[in-house]
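Working notes, beginning with the structure itself.
Every number here is computed from the coordinates shown, using simple stated rules; none is lab data. No experiment lies behind these values; they were computed from the predicted model shown. All Cβ positions, glycine included, derive from the backbone under ideal geometry; neighbour counts span all protein chains shown.
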Amino acid sequence: MAVPDTVAARRRATTAPPTVTAGTRRRPSRRDAAYWLYLVPGAILFLLVIGGPLVYTGYLSLTRWSGVGDPTFIGLDNYRDLLHDDVFWTSFKNTLAMIVAMVLLPTLIGLVLAAVLFDTIGRRFRPRTAAALRAAFYLPQVLPVVVAGIVWGWILRPDGAFNGLLDSVGLGSLRHDWLGDPDTALPVVMAVMIWVQLGYPVVVFMAALERIDPELYEAAEIDGAGWWRRFRAITLPQIRPETFVVGLTCTIAAMKVFGPIYALTRGGPENATNVPSYFAYYTFFKKLHVGYGSAISMVLTLIIVVVSVLFIRAQNRAERRDGGL
Amino acid sequence: MAATLTPTAATRRAPDRHHRGVARWIVLALVTAAALAMLVPFAFMLLNAFKSPGDYSTNGPLSWPSEFYTKGLRTYWEQVDFPLKLWNSVLIAGSVAVLAVLVSLLNAYALGVGRVRGRLWIIGLFLLANMIPQESLIYPLYHLAKEAGLYNTRLAVIIIFTVIQSAFGTYLLASVLGTFPRTLLEAAALDGAGKWRILWRVVLPNLRPTLSVLLVFFFIWTWNEFLIPLVMLIDNQTQTVPVALASLQGDRLMDAPTTNAGALLSLVPAILFFLIFQRTLARGITAGADK
């Protein structure tokens, strides 16, 4: 195969020498045109499945429509209604709870767990032990979250395993309909989300720790720095890029969370666990208020984009500051 | 600080070491307990998947099954036609993985190697597509699918997820290909290879590890997807494994042992992927985090 290749190359080199010499500077602009062809399938699919539908949802958010017949244009009425809709405000307040349960707490716990697994267990025991423990934390991340949600839903039912567990340890007086009571449903859903999410930061941070030069730790140890001092002075600053990635991806996931809510509570009881994406789904397909559901989706989309841009900007600023030092 | 601390640290080292010898076992015990706590829900599920409904209602969720009862598993298997659900999931996730990698590769070739004009904006657009919630696409997609006669078909879900996954793939691969060694490309061009040939003969072989990671991720992500399959696939012939379980949730036929048996069956494939691809997954998560 190599022989015809070189022959062809030589032939081209002799027939068209100018491209090699004179063409070097002009090459980029000539390349442009042909490479566009490779974007064609992707671009068509993108417009069909993402671009078009997104714009159409934007248009629908300005209409009243039940899904049949023609949409009626009503301007910004849907958005005005949203401002006075208690469910809408509750759902966004619950998004904050989801950010606590899916970003803040998993990142903090994950940081400590990863450091302990890497430092204490990976080094002072066998690395295999650390890998096995890591797998246990990561397992919920690879499962269909809806299926995990259904198992949890059963565990937390009045006749489920959690109440059974309380009984068996003599705390039967605490038996409760955990997901059926508006006061306990949200904290319990948050606890399940921590369980779902925890493995991701653990795995990412453990990989990040492998990157750090062990000499930094050795030097600090010789200087007499304890575990906590080394964690704060070396580990945290060194893995900041990964912390940003985990923070951003988990924040986006928290704002979009749908499956676990669907499986655990369907937003109930009394909207205590409703979130924007479930609220939108319900408005689209159960209440058939397509325009209103579109408005909810557009607000959610806008918030996610703004938060992401702020996040990325903050990261860039932090990187620049580090570079300056 | 280093200079003043060194002597004291040296003398304090010995007890510190000794202390750590005990402490490390305590740490190991604590972390192991936490890891086991993560697995408790699976233990509950296993315990109750092999229990008869009568056993469950008299002895509760924590008792050891009085007999090895597999009828719950069989009931669920037959009731939802589980092999068909498995096939639907494999077909959808498999097609999406292959097609999305292909589309990502083509896009990224134009953006990363071709450096077409305005590529930063295009990459930004793909990044944006990753962020937006599926709710902001779902109704038009649902409507469009109905108009096109693709509603309740696996093809509709395959097309949609090919695009959604390739948005991420394009973003990732474009930056990987941005750093692709120019000398390799130029050497191939000098040998007379056209762009098409360079893509398949030079770029693809060099990218194979990254592409295989993407393939695995797309497969698992699509397998676990819920909202779009829930909306698009409404009957027994087309539903995926997670949707089948969720649509039976709350059904009167689904007593606690059957629910657990169904959940167990639905989790087995995912756990198998996890065991098979564990190393790929670990590599992929790291690659994703670097970006």
Checklist entry - Using the alpha-carbon centroid of each, what span in Å lies between segment A:157-177 and segment B:85-121? => result 48 Å
Checklist entry - In terms of modelled amide H atoms, which long-range or inter-chain residues lie less than 5 Å from the amide H of A:Thr63? => result A:Ile74
Item to check | Highest average packing first - A:308-319, A:109-120, Cβ atoms within 10 Å | outcome: A:109-120, A:308-319
Checklist outcome for this item: Restricting to lysines and to Cα separations under 27 Å from A:Lys256, and discarding same-chain partners fewer than 8 apart, the set is A:Lys93, A:Lys286, A:Lys287, B:Lys85, B:Lys146, B:Lys291
Checklist entry - When chain A is treated as a GNM, springs tying every alpha-carbon pair under 10 Å, which of A:Ile50, A:Ile222, A:Ile121 comes out with the largest mean-square fluctuation? => result A:Ile222
Item to check | Mean ellipticity per residue at 222 nm, deg cm²/dmol - from DSSP H runs of n ≥ 4 across the protein assembly as shown, formula -39500 (n - 2.57) | outcome: -23500 deg cm²/dmol
Checklist entry - Which semi-axes, in whole Å and largest first, does the equivalent ellipsoid of the protein assembly as shown have when worked out from the alpha carbon gyration tensor as the square roots of 5 times its eigenvalues? => result 42, 37, 25
Checklist outcome for this item: Per the C-alpha gyration tensor (a ≥ b ≥ c, the square roots of its eigenvalues), segment A:37-98 is rounded if a/c is under 1.5, else prolate if a/b beats b/c, else oblate; here it's oblate
Checklist entry - Taking each residue of A:257-266 in turn, how many C-beta atoms of other protein chains fall within 10 Å of its C-beta, and what is the average? => result 3
Checklist entry - Which distance in Å, rounded to a whole number, links the C-alpha centroids of segment A:199-213 and segment B:41-55? => result 36 Å
Checklist entry - For chain B, modelled as a GNM with alpha-carbon contacts under 10 angstrom, which of B:Leu215, B:Leu86, B:Leu39 fluctuates the most? => result B:Leu39
Checklist entry - If r is the Cβ-Cβ distance from A:Phe125 to A:Leu83 and R0 is 45 Å, what FRET efficiency results, to the nearest 0.05? => result 0.20
Checklist entry - How large is the charge dipole for chain A, taken about the Cα centre, if only the Cβ atoms of Lys, Arg (+1) and Asp, Glu (-1) carry charge, to the nearest 20 debye? => result 1640 debye
Item to check | Magnitude of the charge dipole, segment B:89-211, Cβ model with Lys/Arg +1 and Asp/Glu -1, debye to 20 | outcome: 300 debye
Checklist entry - Can you give the translational diffusion coefficient of chain B in µm²/s, computed by Stokes-Einstein from the Kirkwood radius over Cα pairs at 4 °C and 1.567 mPa s? => result 56 µm²/s
Checklist entry - Can you list, largest first and rounded to whole Å, the semi-axes you get for segment A:115-218 by taking the square root of 5 times each eigenvalue of its Cα gyration tensor? => result 36, 15, 12
Item to check | Dipole magnitude of the protein assembly as shown about its Cα centre (Cβ charges: Lys, Arg +1; Asp, Glu -1), debye to nearest 20 | outcome: 2680 debye
Checklist outcome for this item: Given the candidates A:Ala136, B:Ser166, A:Thr95, the one whose Cα lies deepest towards the positive end of the charge dipole of the protein assembly as shown, counting +1 at each Lys or Arg C-beta and -1 at each Asp or Glu C-beta, is B:Ser166
Checklist entry - Toward the positive end of the charge dipole of segment A:171-274, about the Cα centre and with charges on Cβ (Lys, Arg +1; Asp, Glu -1), which of A:Phe258, A:Trp195, A:Leu209 goes farthest? => result A:Phe258
Next on the checklist: Using only the alpha-carbon atoms, what does segment B:89-211 span along each of its principal axes? Please give whole angstrom values in decreasing order.
Outcome noted: 51, 30, 23
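Within a 10 angstrom radius of each residue's Cβ in A:125-136, how many Cβ atoms of other chains show up on average? Whole number is fine.
3
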Checklist outcome for this item: The percentage of Cα-Cα pairs in chain A separated by more than 25 Å is 67 percent
Item to check | Cβ crowding within 10 Å averaged over residues, with A:71-81, B:103-113 ranked highest first | outcome: B:103-113, A:71-81
